[in-house]
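**Q** Here it is, the structure in full.
The values are calculated or read from the model by the stated rules, or taken from the named source; none is laboratory data. For clarity, every value in this text was computed on a predicted model and none was experimentally measured. Because the Cβ atoms are built from the backbone with ideal geometry, glycine has one as well, and the counts that use them run over all protein chains shown.
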Amino acid sequence: MKSKREIIKEIYDVLNHVELLDHDCGVHCGAACCVKGGQYSEEDMGIYLLPGEEELLKGQDWLDIKVSDASEHDLPESWKGKVYFARCKTPPICPRDMRPIQCRTFPLAPHIDSDGEFTLVYNDLELPYECPLIEEETPLEDDFVDALLDSWARLVEDPLIYDLVKMDSEAREEAFEELLDKLGY
Ligand code: SF4
Ligand code: SF4
């Protein structure tokens, strides 16, 4: 049986061969998700690593990886013990073939709906910056979306990752219901 680290490495290798667009979307926004989302300055900014990623990324000197206990974070109950939070030292510059899964997934997010169907949606979390791709729901390259969907379908086979995606999905659906209520639907 493959280790989590090996599975993550295989997923990195697959995603290294696709791009979300045929050009660098960072030129439109000053690479906002890297500069404001992956940087040092604000305590709550950075990137959660998925189980197994810390093994792959430890020792990368362009990343500062902070270790804390799962109980200190808003994570599923199944998450126990150490969790890893990474901040980039020189955003938006990084070795692209070693970007964490979270960076490779944005501006999309994995979603499991109330019928248990798994899909990708635009990331609708409240963000400290605007992503033009999300605002405009820009269509992304098909091979990127297909590869990302396959990769996440594989990732959610890990019960911890499944629980995380399910928790985020339930919060997303709840927020959507609240919005509909407010609008009187
Ligand atoms: S994903 Fe969005 S925020 Fe990030 S660089 Fe591209 S357009 Fe900018
Ligand atoms: S790891 Fe790379 S892609 Fe991800 S936030 Fe940092 S600079 Fe941006």
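**Q** Do we find that P76 is under 18 Å from the mean Cα position of the chain (by Cα), touching a residue at least 12 places away in the same chain (Cβ under 8 Å) and within 16 Å of ligand 1 (Cβ to nearest atom) in this structure?
**A** no
**Q** Could you check L148 against (1) touching a Lys or Arg at 6+ places or on another chain (Cβ under 8 Å); (2) assigned to a helix (DSSP H, G or I); (3) over 23 Å from E55 (Cα atoms) and say which number it fails?
**A** Among (1) touching a Lys or Arg at 6+ places or on another chain (Cβ under 8 Å); (2) assigned to a helix (DSSP H, G or I); (3) over 23 Å from E55 (Cα atoms), L148 violates only (3).
**Q** Right, another one. Among the residues of segment 110-134 satisfying the criterion of being crowded, with 20+ Cβ neighbours inside 10 Å and within 12 Å of ligand 1 (Cβ to nearest atom), which is farthest from S68 (Cα to Cα)?
**A** Checked segment 110-134; the qualifying residue farthest from S68 (Cα to Cα) is L133.
**Q** Let me ask something additional. What's the total number of residues in segment 126-145 that are of a type outside the set (V, I, T) and touching a residue at least 40 places away in the same chain (Cβ under 8 Å)?
**A** 11
**Q** For residues in segment 89-108 being among the aliphatic types (A, V, I, L, M) and surrounded by fewer than 19 Cβ atoms within 10 Å (Cβ to Cβ), which is nearest to ligand 1 (Cβ to nearest atom)?
**A** I93
**Q** Let me ask you something else. Would you mind stating whether E141 is modelled with pLDDT under 95, of a type outside the set (G, A, S) and surrounded by fewer than 17 Cβ atoms within 10 Å (Cβ to Cβ)?
**A** No, not satisfied.
**Q** When only residues in segment 110-119 that are in a strand (DSSP E or B) and over 18 Å from I8 (Cβ atoms) count, which is nearest to ligand 2 (Cβ to nearest atom)?
**A** Selected residue: H111.
**Q** A follow-up question, please. Which residues, counting only those in segment 79-105, are touching a Gly at 6+ places or on another chain (Cβ under 8 Å) and within 29 Å of E174 (Cα to Cα)?
**A** Selection gives F85, A86, C103.
**Q** May I pose another question? Show the residue pairs meeting these rules: Cβ distance below 7 Å; 6+ apart or different chains; first residue within segment 88-111 and under 19 Å from I161 (Cβ atoms); second residue among the aromatic types (F, W, Y) and within 16 Å of ligand 1 (Cβ to nearest atom).
**A** The qualifying pairs are L108/Y122.
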